[in-house]
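Structure, as structure tokens:
Every read-out reported here was derived from the displayed coordinates using simple, explicitly stated rules and does not represent laboratory data. Predicted, not measured: the structure shown is a model, and the values here were computed from it. Every residue, glycine among them, receives a Cβ derived from its backbone with ideal geometry; neighbour counts consider all protein chains shown.
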């Protein structure tokens, strides 16, 4: 080694560490390393168990490696679609696989023709360590940012026991997309025995490199020049109200696919420390009673030949209105508006005789009480099979927000893509119940109130007959959405309601309607169908594919269904949508504008039907 050589940055860093800690350090030269001039700096705190402050740079590395290396470095997300001139963030994460590590080096490479590194941020790193800061200098980090060659090397260290994490943030990198292409941003990794790549060092006093794998990120950049103007947007949540009485949000996605510009609403006025201005389901309205009456009790059944005598005790609530009883064969009704069950009684009596029954069949009866605001009590169910009854009464106490199915309890899904039909039925049923029974004031902001007015108030015939309860449900769905539809923006959720209206010539009024809307929003087939809507869809199909649709062919069937009911793809493919828009323009010689236009674009993009 040339002793006259200018002191390297790594040596300066080591000296700063030494000066700050004011402890005795032992410098161990790794003579076994032949490929590089490398030194392992081991720091031992006097009188205490050994502490490793290992600093690694291009000229300094270690030789030992773990018998079973398991740690990893990850760029997240692993894939991303962006537009030219967009800035985007990649999180560099570290997984130590339950081990303590004291230093890590990540070398990230990128093509400067396709990307520029705008900035990096290590302020929130899991290696954050105030003890390493001395006289305004950070002695436990080394950053080598070579933007000309498209490489950044970040080395971070933390004294024993260091860091132990499964998905800790190492650094955040902000890039700019330069030109249309698909390219990867990569973490330099050859192997634990290599001396020029990335490393993760164990807190074992030996400098053991435990890095075993890396995850890179593939970026697809689309040139948006000449693209159509954005018409609808999905937004982030509003920020908290600032002292200047404004709040803001950002666009998370937009339609049509590949669009640019448009008029997103990114800020609004608010009342500082007092919440946003009022709104409501259907406008500025006063909150109403949403408390259901007490559940009926003493519900009993006595059977004789072909009749069943039902008796019960009515609730004593002051706003109690009526009793409703549903009957169903072989299974219990799921809610007060279960369309597969028959309403056998509705009134204020305390007994009812159900006649003309088949003595060989088993019948279930569910009783509800509801008040003057149409709030329904919990379900109480009995059956005609006395062997299954306990003291002649088989009670099922369940809230309306639950279904008889328990398969989706505690589900955590962004949407309904890729899950089995039982889960789809269960989740859509739960969310439909919640939406249909919402029946309470909704505080709308400027954006969602405007969208609400376009959906409800512009349909004069419907608006005159709509109940206040249905207005609440529509307002809630547009403003908040359900767990399976939050991934859509308020405008797109309103568009799904509009698709339902176009298909069935009515707005959603029942639990089954909302269940179908939730399915449509997730690209799943609705239970209800409309022959006229499907016939019109077949006409559009023929314009696109120049032939009649074969409904026995699953791709043709999918295309007709998408056009008829406006199914939204829950797993979007922007390349397919861009191609679908171009095909539409080639067929009709104009850009898609109307709702039916976009339904046809989605059919072209996702159904798989061909000419």
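Take the Cβ atoms of residue 340 and residue 252, set R0 to 22 Å, and the FRET efficiency comes out at 0.05. Fully extending the segment from residue 319 to residue 532 would add 72.4 nm, taking 0.36 nm per residue of separation and subtracting the current Cα-Cα distance. Based on the reciprocal of the average 1/r between different C-alpha atoms, the Kirkwood radius for the stretch 508-611 equals 13.8 Å.
Fully extending the segment from residue 468 to residue 79 would add 135.5 nm, taking 0.36 nm per residue of separation and subtracting the current Cα-Cα distance. Rounded to the nearest 0.05, the FRET efficiency derived from the C-beta distance between residue 506 and residue 112 at R0 = 51 Å is 0.35.
In the stretch 421-606, the ratio of gyration radius to Kirkwood radius, Rg to Rh, stands at 0.97 when only Cα atoms are counted. Between the stretch 424-447 and the stretch 518-560, the alpha-carbon centres lie 27 Å apart. The label point for residue 331 and the one for residue 148, both projected 7 Å from the Cα toward the Cβ, are 7.1 nm apart. Once C-alpha pairs closer than 8 Å and six or more residues apart are averaged by separation and normalised to the residue number of the stretch 492-611, the relative contact order reads 26 percent. Between the beta carbons of residue 372 and residue 119, assuming R0 = 60 Å, the FRET efficiency works out to 0.50 to the nearest 0.05.
Can you compute log10 of I(q)/I(0) for the stretch 297-388 with the Debye formula, treating each Cα as one identical point scatterer, at q = 0.18, 0.21 Å⁻¹? Each listed q corresponds, in turn, to -0.76, -1.01. Find the centroid of the Cα atoms in the stretch 593-611 and in the stretch 147-179, then give the distance between the two in whole Å. That distance is 43 Å. Counting 0.36 nm for each residue step from residue 359 to residue 594 and taking away their Cα separation leaves a gain of 79.0 nm.
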